[in-house]
Structures are given as C-alpha cells and as structure tokens.
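S.K.: Below is the structure I would like to discuss, written out as structure tokens.
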Amino acid sequence: MAFFTSEYECKIDAKGRLVLPAKIKANLPESSGNEIVVRRGFEPCLIIYPMIEYKKIYSKIAGLSEFNEEYRKLQRNFFRGSSVVEIDNSGRILIPKLMLGYAQLEKDAVVVGMGNKIEIWSPALFEQHLISDPAEFSKLAQKYLDE
C-alpha cells in the first residue's frame, strides 16, 4: 500500500513536466512500474494515484450501471478527467495541458502527500483551501477522529 505525506514545493517546466519529489517517488509501489494516473480533483487541483490505488476506484466507478443517469454522469466526468502518464528516467511526469489549465498550474506547484494519493496544487489556490484557524482544525479532527 502506498503511503504519502508531507508538502513539497516543485517547479513545472515550459513543456508541462513536473519532477516528482524523491520521497514521493520512493513511496510509489513497485507494482506501478513507471505508470501513474493523474486525475482532475474535486477542488481545482490534480490528484496522482499509483496504478494499484486507481484500479480500486476504477473498479467501483466502472461497475456502476450504465442504465442509471446519475451513474453515467459520474462515470463520464470521472473518466474524462483521468490520464495515465509515465514517469521518465529523470523522475518527471508530463502533465496534459488541459489538466494544467484546470488546476491553474504554471511554473510553481505544491505537491502534497494525502495518504494513498498525491495532490498537485497551484500555490495560491492551495493556500485558499487550507484551514487557517487552529480551532477549526481541532474541531474537525475531534469530529471525525472521535467517531
């Protein structure tokens, strides 16, 4: 199982390539080989899944009935926003242009380990989606971890 944590400042080159931080790359399961999946996030960010983690979600969504309109909408939007990308020998991934635009990524990026997946954010948008009040963070932790 993949285990990603921490936050990293990264650069995106003119061709749309991002170098994965060494600690992130080291935690990718060997079974993923050099392929990972990049998906549009629900917020304006990108999500990277090791192939083994993506296949779990893929199975659930692909297995939904095509005869249900809501399921079709979910499938259409989920799968249109996913791309298999390769990690090159330098540890870089080429992010598709449409995805760069969606996440408003230009030269700088914040890469965040999220347990079994990784998020890629524009630094300005990332700050907008963080909890700035420690009391609010504490309340959320208590609400969801004391269950």
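The values are calculated or read from the model by the stated rules, or taken from the named source; none is laboratory data. All values reported here derive from a predicted model rather than from experimental measurement. Don't worry about glycine lacking a Cβ; one is built from the backbone with ideal geometry, like all the others, and counts go over all protein chains shown.
S.K.: What number of residues in the stretch 65-88 are surrounded by fewer than 14 Cβ atoms within 10 Å (Cβ to Cβ) and over 21 Å from the mean Cα position of the chain (by Cα)?
M.R.: Here the count works out to 7.
S.K.: Name the strands (runs of 3 or more DSSP E) wholly within the stretch 1-51 that hold at least 3 residues that are farther than 16 Å from Val85 by Cα and out of contact with any Asp or Glu (no Cβ under 6 Å at 6 or more places or on another chain)? Full working, then the answer.
M.R.: Details: elements: 7-11, 17-19, 35-40, 46-50.
Passing ranges, in order: 7-11.
S.K.: Within the bounds of the stretch 102-119, is there any residue that is of a type outside the set (Lys, Arg), closer than 26 Å to Asp13 by Cβ, in a helix (DSSP H, G or I) and modelled with pLDDT of 95 or more? Explain how you work it out, then say what you get.
M.R.: First, pick out the residues of the stretch 102-119 that are of a type outside the set (Lys, Arg): 102-106, 108-116, 118-119.
Going one step further and asking which of them are closer than 26 Å to Asp13 by Cβ, we end up with 102-106, 108-114, 118-119.
Now narrow it down to the ones that are in a helix (DSSP H, G or I): 102.
From the residues that got through so far, the ones that are modelled with pLDDT of 95 or more too are 102.
There is at least one residue in the stretch 102-119 that is of a type outside the set (Lys, Arg), closer than 26 Å to Asp13 by Cβ, in a helix (DSSP H, G or I) and modelled with pLDDT of 95 or more.
S.K.: Follow-up question, since we're still on this one. Could you check, for the stretch 106-116, whether at least one of its residues is of a type outside the set (Gly, Ala, Ser), out of contact with any Asp or Glu (no Cβ under 8 Å at 6 or more places or on another chain) and crowded, with 17+ Cβ neighbours inside 10 Å? Spell out how you get there, then give the answer.
M.R.: Of the stretch 106-116, the ones of a type outside the set (Gly, Ala, Ser) are 106-108, 110-112, 114, 116.
Still in the running and out of contact with any Asp or Glu (no Cβ under 8 Å at 6 or more places or on another chain): 106-107, 114.
With the extra rule that they be crowded, with 17+ Cβ neighbours inside 10 Å, the set shrinks to none.
Checking the stretch 106-116: not a single residue is of a type outside the set (Gly, Ala, Ser), out of contact with any Asp or Glu (no Cβ under 8 Å at 6 or more places or on another chain) and crowded, with 17+ Cβ neighbours inside 10 Å.
Conditions tested, residue by residue: (1) without any contact (Cβ under 8 Å) to a residue 24 or more places away in the chain; (2) under 23 Å from Val111 (Cβ atoms); (3) touching a His at 6+ places or on another chain (Cβ under 9 Å); (4) not charged (D, E, K, R).
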site	(1), (2), (3), (4)
Ile36	no, yes, no, yes
Glu53	no, yes, no, no
Ser65	yes, no, no, yes
Arg76	yes, no, no, no
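S.K.: Hey, another quick one. Looking at Ser90, Ser83 in this structure, which one is out of contact with any His (no Cβ under 6 Å at 6 or more places or on another chain), polar (S, T, N, Q) and assigned to a loop (DSSP other than H, G, I, E, B)? It would help to see each step written out before you state the result.
M.R.: Values: Ser83 fails: assigned to a loop (DSSP other than H, G, I, E, B).
Criteria check complete, one pass: Ser90.
S.K.: May I pose another question? Given the criterion over 15 Å from the mean Cα position of the chain (by Cα), at pLDDT 95 or above and crowded, with 17+ Cβ neighbours inside 10 Å, identify the matching residue among Ile61, Ile12, Ile48. So that I can check it myself, show each step before the final result.
M.R.: Details: Ile61 fails: crowded, with 17+ Cβ neighbours inside 10 Å; Ile48 fails: over 15 Å from the mean Cα position of the chain (by Cα).
Unique residue meeting the criteria: Ile12.
S.K.: All but one of (1) exposed (fewer than 13 other Cβ atoms within 10 Å of the Cβ); (2) part of a loop (DSSP other than H, G, I, E, B); (3) free of Cβ contacts under 8 Å to residues at least 24 places away in the same chain hold for Leu98; which doesn't?
M.R.: Failing condition for Leu98: (2).
S.K.: Since Arg40 meets every condition but one in (1) more than 16 Å from Phe126 (Cβ to Cβ); (2) under 12 Å from the mean Cα position of the chain (by Cα); (3) of a type in the set (Lys, Arg), which condition does it not meet?
M.R.: Here Arg40 clears every test but (1).
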